[in-house]
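Enquirer: Pasting a structure below so you can have a look.
The values are calculated or read from the model by the stated rules, or taken from the named source; none is laboratory data. The structure presented is a predicted model; accordingly, all values stated were derived computationally and were not measured. Cβ placement follows ideal geometry from the backbone for every residue including glycine, while neighbour counts extend to all protein chains displayed. SASA here: full protein model, heavy atoms, side chains in, ligands and nucleic acids out. Shrake-Rupley method; radii C 1.70, N 1.55, O 1.52, S 1.80 Å.
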Amino acid sequence: MFELLKTLTEIPGMIGHEDLVQDYLEEQWHPYCQDLSRTSVGNLVGRVGGNGPKLLVAAHADEIGMLVKGVSPSGMIWLAAKNRIAGRPGRDIHMLGHKCVIQTYTELVEGVFATVVGHVEPPDRHERAGIGWGDFFVDIGAKSAAEVAEAGVQIGDGVVWTPETRRLRNYLVGKAMDDRAGLAIITTLLEKIGKKSTEQYQYELYVASTVQEELGLVGAHSLQNQFEFDMAIAIDVGLAGDVPGVDSKEINCVLGKGPIVVRHDGTVHYDRNISRQMADSAKLRDIEVQFAVFPRYSSDGMAFIQHGLPTGLLAFPARYTHSPYEMVAKNDLINCVSLLEEFILS
């Protein structure tokens, strides 16, 4: 699981630039799918097979990032927000000092998120409230705006941080666990149930890797109209509150304590029957599960429900979401796989 997760999380694939992620998944899913295709907006959808109601299991491919907004005469690249989370530089300035890549039409251009520091830092810097978009930039080592253009960088190109995914004692840390860990769960599930005959499936199983979730569930909104599923399970990051500064009364889930059956988020209430079935499947496998309500959160599941598709949300706990150091527990991911396996086969 670690090597798969490391590969998936380290692939750059910000909102609207998910092709590299989908290319990799297409190779991984092909042996297990009777049909596998890309939709017109870029979703990857596979029909695995089986009997019974059409069940979709889906996670999203995109990660949060920024956009190239402009270039200074000296070759520094100014940034703009890609989504609402990246629109708050004063609070969400986790990127400074991290390596990054710019996803151009033809290649990945390496750089670093930088700001003025040390001896040349303005005297009033620490007296100002917060940090603004004019206080940081991307440096690709260019000498001029012309050299940036020669590298293929254009206005609107995506920019994502690129830390290495690594083990830290009991946990795994890196970027894009939201939601590449969900895609790792689906891929591992296919590897496990692919060893069994589809005659043993209780559903006709479909899997999907959706696009542009972080910008408004764009890919998910299109799926039901194209495929007419009967039910769905969305897999996404869950919120772990076991860190300083977070009130356990607000976020009750803990890293390493099992998958999360999300009952309600900031947009919808998830299907009670599917939520109960997921909890029952966990019990049959002797898997500890957590239950949660996440009022400041949404997932592809909301889009599925809005299009009339009964949907459950299965989440894996994560610390430090929407940062370059998202942290998950390997056992939580493995237990998500086992829960889904039981759900499909029993």
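Enquirer: Mind listing P(r) for region 147-279? All alpha-carbon pairs, 10 Å bins, whole percents.
Expert: 8, 28, 35, 20, 7, 1
Enquirer: Here are some pairs, Lys249/Lys283; Lys196/Lys330; Lys69/Lys143; Lys6/Lys283; which of them have Cα atoms lying more than 21 Å apart in this structure?
Expert: Checking Cα-Cα distances, Lys249/Lys283; Lys196/Lys330; Lys6/Lys283 exceed 21 Å.
Enquirer: Ok, one more. How tilted is helix 177-193 with respect to the longest principal axis of the chain? Cα atoms for both, answer in degrees (0 to 90, nearest 10).
Expert: Long axis of 177-193 versus the principal axis of the chain: about 30 degrees.
Enquirer: Could I ask something else about it? Does anyone have the angle between helix 218-227 and the longest principal axis of the chain? Alpha-carbon axes, 0 to 90°, nearest 10?
Expert: Between the helix axis and the principal axis of the chain, the angle is about 30 degrees.
Enquirer: Rounded to the nearest 0.05, what FRET efficiency is calculated for Leu108 and Lys69 with R0 set to 22 Å and r the Cβ-Cβ distance?
Expert: Rounded to the nearest 0.05, the efficiency is 0.70.
Enquirer: Right, here's the next one. Compute the signed sum of charges (Lys and Arg +1, Asp and Glu -1) over the other residues within less than 9 Å, Cβ to Cβ, of Ala220.
Expert: Around Ala220, the charge tally is -2.
Enquirer: So what is the 222 nm mean residue ellipticity for the chain from helices alone, if each DSSP H run of at least 4 adds -39500 (n - 2.57) and you divide by all residues, rounding to the nearest 500 deg cm²/dmol?
Expert: After summing the helix terms and dividing by the residues of the chain, the value is -8000 deg cm²/dmol.
Enquirer: Just the number, please: carbon plus sulfur as a percent of the accessible area of region 1-48, 1.4 Å probe, no ligands or DNA/RNA counted.
Expert: 45 percent
Enquirer: Now, a different point. Please report, largest first and rounded to whole Å, the three semi-axes of the ellipsoid equivalent to region 237-305, where each semi-axis is the square root of five times an eigenvalue of the C-alpha gyration tensor.
Expert: Output for region 237-305: semi-axes of 20, 18, 8 Å.
Enquirer: Can you compute the equivalent ellipsoid semi-axes for the chain, i.e. the square root of 5 times each eigenvalue of the Cα gyration tensor, sorted largest first and rounded to whole Å?
Expert: Working through the eigenvalues yields semi-axes of 37, 23, 17 Å.
Enquirer: Averaged per residue, what accessible area in Å² does the chain show with a 1.4 Å probe, protein chains only?
Expert: Averaged over the residues of the chain, the accessible area is 43 Å².
Enquirer: Answer rounded, prolate or oblate for region 265-346, using the Cα gyration tensor with square roots of eigenvalues a ≥ b ≥ c: rounded when a/c is under 1.5, else prolate when a/b is larger than b/c, else oblate.
Expert: Oblate is the answer for region 265-346, as a/c is 1.5 or above yet b/c matches or exceeds a/b.
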